[in-house]
Amino acid sequence: MSKNLVIVESPAKAKTIEGFLGKDYTVKSSFGHVRDLAKKTISIDIENNFEPHYEISDDKKKIITELKKLAIESEVVWLASDEDREGEAISWHLAETLNLDEAKTRRIVFHEITKNAILEAINNPRKIDKNLVDAQQARRILDRLVGFELSPVLWRKVKPALSAGRVQSVAVRLIVDRERDVINFNTETFYRLVGNFIATVNNDKVSLKAELDKKFSTKEQAIAFLEKCKKSDFAVKEIETKPTKKSPAPPFTTSTLQQEASRKLGFSVSKTMTIAQQLYESGKITYMRTDSVNLSDLAIDLAKKEISASYGEGYLKVRKYTTKTKGAQEAHEAIRPTYMNNHTVDGDVAQKKLYELIWKRTIASQMSDALMEKTNISINLSASKELFVATGEVLKFDGFLKVYLESTDDEEEEDHGLLPALTKNQKLDYDKIESIQRFTQHPARYTEASLVKKLEELGIGRPSTYAPIISTIQKRGYVVNETKEGVERNYDYIVLSANKIAEKIKTEKTGYEKYKLFPTDIGIVVNDFLVENFNEILDFNFTASVEKEFDEIAQGDIVWNEMIKNFYGKFHDKVKDTDKNAKKASGEKLLGIDPKTGKNVYAKIGKYGPIVQIGEIDDEEKPQFAGLLKDQSLGTITLDGALELFKFPRSIGEYEGKEMVVSVGKFGPYIRHDSKFYSIPKDESPLQILSERAIEIIELKRKVEKEKLILDFDDIKVLNGRWGAYINQGKENFKIPKGTEPTSLTKDICLDIIKKGGEEGKGTKKKFFKKKSA
């Protein structure tokens, strides 16, 4: 038996570390947290200083038994979970659960999984930092108290099965507030003028594009200006050339990595963190949860060598970055490659892409500024005081741009190219001058990345919480991450050419939204209820101040249960008062009167989601209800749109002698034909489906099912699936043994496979598909 037991939180990390240590070390994984607050009860003794009651997860009992046995047999137990608060808590829970002897227990931390880092950690062990544990414990307990007390209020006052979270609800508030900013935004129009000018340089004709330094608010003003241009002479008034420089962005923190991976690679926040964790655990990058931009002296030296070797001394500029993030707490480094000379790594495509992004950002941070020359040419016209201005930029030395350029959230960026070599007072002719109607843009909806940026700016959450926050609000159905197609919009296009003004109406697509966060109806109703009744909990400054208190606990400046006590008293009283006195919230809106019945028509949140209702709940005749379609919302639905929903089920004709009926069910709109159901595609409205399209949908599904079917033995079928052929009987699926040709199966062979599958407990669809996809 090994003298030393090393416990980490993941199998991948265990495998990497095991390669660095000798035969005297056994490395095992706890597979994350081994215990937590019990799920079915609040599990906090409020009367006894908020003492938590932890229980071992059912799926961890076997692991605990194994680790206990190994710990007893070892001379030293090394707790090597991650170096943040969550990792410290994992080590503490392990020590408590395994009843580890403090004398033979060592806590070690490292921010990169390399041999030197592991050996350095073993040479410098410490005890478990109870202050860090208390900070994590305080967050967990506070969030449990808020969730456990607020959620039942939502069940009674809004609808069943809802839940609330301290930070998640604040994130939803940001998204709802932004949505209202968008809805309430008044678009204004203006006219932008751009001139294409012609000059003669060394007997050659050259062109120059310049924009007027004034925008007009009306078409009449724009046309009046073009009339002036007809009578004007144009000349170069001023040429201004000055050197500029661009500096590289600092190395990645958790937040900036999430933002840049979203912009450059299209990764969601949770995907970025999953891949970064894989890279960290395989020893390829440093720890991925950090808000520090600092690089160690060793890392800077490695970067210097790599830059000098790959690009030359002229590209090297050593930089020390300091962390300015509100509430930054982590003492370790920025996210960087563990070995700078590895420009890429083995792994899947996503791992390679994210690693290369991290490598480029780190290397670029230690490179020279990019040097540019910026030129502005101003053009005056004889009939007016306004100026046309042309801007150009010449890259004199690429510096860090040779490797990397940070992206931005701006959707449109001007590209300034090289300008022709003109002289002051040089005469110009115009080829054409265009006046284009433009529109002011509403505030941008949040993407996952820009929401992370906003949370960080406000001091809400920490590196380890951004991904769970964003995942949770989507899982709860309060927010959706969607791409919405734009709509056609007309705009004025006026052009002066050959001394004549012409007007046209042109069309463009506007309002395209790619992967933006939209609040759902239920998200808006829950948010409004919480803001009205628990405004302090959802206050951004309050939430940030709670984060500061967690930091103070981590530093040992305040006691964790005192902090909880100060919060809980007022909060608990507010919960009781709201539960007793607050009105039910449904987001109810009166849309108008149904012309057929003369009854009121409402839109609101019902027991199963957003609905429209004809009539009153208290009427002797029960009201009629209909669910909203996917592309409808409480905020935008009209009376006409609501009344259309009561036309379901809708008969649209016959096919093969059987009626086709369009309806809307729990899983969306569908066509019913011959006792079978055919889903209507998400991008098609069930209100617009006619018989011809319904037949296409029916035939398409039949074709897919025909191609899916390999053999049919009535109650037993052999089908083609996502992971290959399988046997289906009723609601269960069974794996076909390797090497067996699906078309060679008989009913008896299928029954034998089903029997064996059932005996081995592998027959359910869930287990089968989980196993196949692993």
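Considering only segment 503-544, state which residues are touching a Lys or Arg at 6+ places or on another chain (Cβ under 6 Å) and among the polar types (S, T, N, Q).
Thr510, Asn527
May I ask you to list pairs of residues, at least six apart or on different chains, whose Cβ atoms are under 6 Å apart, with the first in segment 440-456 being of a type in the set (S, T, N, Q) and the second being part of a loop (DSSP other than H, G, I, E, B) and open to solvent by 20 Å² or more (accessible area, probe 1.4 Å)?
That search, which allows pairs on different chains as well, returns Thr440/Thr187; Thr440/Glu188; Ser450/Asp409.
Working only within segment 192-210, note down all residues that are small (Gly, Ala, Ser) and out of contact with any Pro (no Cβ under 7 Å at 6 or more places or on another chain).
Listed by number, the residues that qualify are Gly195, Ser207, Ala210.
Does Asn116 satisfy the condition of being touching a residue at least 12 places away in the same chain (Cβ under 8 Å), in a helix (DSSP H, G or I) and surrounded by fewer than 22 Cβ atoms within 10 Å (Cβ to Cβ)?
no
With segment 598-683 as the region, which strands (runs of 3 or more DSSP E) entirely inside it contain at least 3 residues that are at pLDDT 90 or above?
The strands (runs of 3 or more DSSP E) meeting that bar are 600-606, 609-614, 650-655, 658-665, 668-673, 676-679.
Consider segment 501-518. How many of its residues are touching a helix residue (DSSP H, G or I) at 6+ places or on another chain (Cβ under 6 Å) and open to solvent by 20 Å² or more (accessible area, probe 1.4 Å)?
1
Using the structure shown, decide if Ser207 is open to solvent by less than 70 Å² (accessible area, probe 1.4 Å) and touching a residue at least 24 places away in the same chain (Cβ under 8 Å).
It is false that Ser207 is open to solvent by less than 70 Å² (accessible area, probe 1.4 Å) and touching a residue at least 24 places away in the same chain (Cβ under 8 Å).
Residue by residue through segment 688-718, note down the ones that are within 24 Å of Phe667 (Cα to Cα) and touching a strand residue (DSSP E or B) at 6+ places or on another chain (Cβ under 8 Å).
The answer is Ile689, Leu690, Ser691, Ala694, Ile695, Ile697, Ile698, Lys701, Lys708.
Just give me the residues in segment 519-551 being touching a helix residue (DSSP H, G or I) at 6+ places or on another chain (Cβ under 6 Å) and not polar (S, T, N, Q), in sequence order.
Pro519, Gly523, Ile524, Leu530, Glu536, Leu538, Phe540, Ala544, Glu549, Phe550
Hey, any hits in segment 673-695 for a residue that's of a type in the set (Val, Ile, Thr), open to solvent by 40 Å² or more (accessible area, probe 1.4 Å), over 25 Å from Val480 (Cβ atoms) and in contact (Cβ under 8 Å) with a residue 40 or more places away in the chain?
Yes; the residues of segment 673-695 include at least one that is of a type in the set (Val, Ile, Thr), open to solvent by 40 Å² or more (accessible area, probe 1.4 Å), over 25 Å from Val480 (Cβ atoms) and in contact (Cβ under 8 Å) with a residue 40 or more places away in the chain.
Which residue is nearest to Thr189 (Cα to Cα), if the candidates are limited to segment 420-438 and must be open to solvent by less than 40 Å² (accessible area, probe 1.4 Å) and not β-branched (Val, Ile, Thr)?
Only one residue tops the list, namely Gln437.
Out of segment 281-317, which residues are assigned to a strand (DSSP E or B) and either touching a His at 6+ places or on another chain (Cβ under 9 Å) or within 19 Å of Ser247 (Cα to Cα) (or both)?
Thr286, Leu316
Please state which one of Lys565, Lys583 is farther than 19 Å from Leu162 by Cβ, over 33 Å from the mean Cα position of the chain (by Cα), open to solvent by 20 Å² or more (accessible area, probe 1.4 Å) and in contact (Cβ under 8 Å) with a residue 60 or more places away in the chain.
Criteria check complete, one pass: Lys565.
Residue pairs, Cβ under 7 Å, 6 or more apart or interchain, first in segment 162-189 and closer than 16 Å to Gly511 by Cβ, second open to solvent by less than 30 Å² (accessible area, probe 1.4 Å) and of a type outside the set (A, V, I, L, M). List them.
Close Cβ pairs (under 7 Å, with a partner that is open to solvent by less than 30 Å² (accessible area, probe 1.4 Å) and of a type outside the set (A, V, I, L, M)) amount to Arg178/Tyr446; Glu179/Phe518; Glu179/Pro519; Thr189/Gln437.
Counting residues that are touching a residue at least 40 places away in the same chain (Cβ under 8 Å) and touching an Asp or Glu at 6+ places or on another chain (Cβ under 6 Å), which strands (runs of 3 or more DSSP E) fully inside segment 487-542 reach at least 1?
Hits in segment 487-542: 487-497, 513-519.
Only one residue in Val269, Val236 is within 30 Å of Glu503 (Cα to Cα) and open to solvent by less than 20 Å² (accessible area, probe 1.4 Å), so which one is that?
Val236
Of the numbered conditions (1) over 19 Å from Gly147 (Cβ atoms); (2) over 12 Å from the mean Cα position of the chain (by Cα), Val452 fails exactly one; give the number of that condition.
Going through (1) over 19 Å from Gly147 (Cβ atoms); (2) over 12 Å from the mean Cα position of the chain (by Cα) one by one, Val452 breaks only (2).
How many residues, within segment 446-475, are closer than 27 Å to Tyr512 by Cβ and open to solvent by 40 Å² or more (accessible area, probe 1.4 Å)?
5
Looking for something open to solvent by less than 10 Å² (accessible area, probe 1.4 Å), of a type outside the set (D, E, K, R) and in a loop (DSSP other than H, G, I, E, B) - is there at least one such residue anywhere in segment 18-36?
yes
Can you tell me which residue among Val403, Val394 is farther than 22 Å from Ala235 by Cβ, more than 35 Å from the chain's Cα centre (by Cα) and open to solvent by less than 50 Å² (accessible area, probe 1.4 Å)?
Val394
The values are calculated or read from the model by the stated rules, or taken from the named source; none is laboratory data. Remember, it's a predicted structure, so these values are computed and weren't measured experimentally. Using ideal geometry, Cβ is built from the backbone for each residue, glycine included, and neighbour counts are taken over all protein chains shown. Just so you know, the surface numbers come from the protein's heavy atoms only, side chains and all, with ligands and any DNA or RNA stripped out. Shrake-Rupley method; radii C 1.70, N 1.55, O 1.52, S 1.80 Å.
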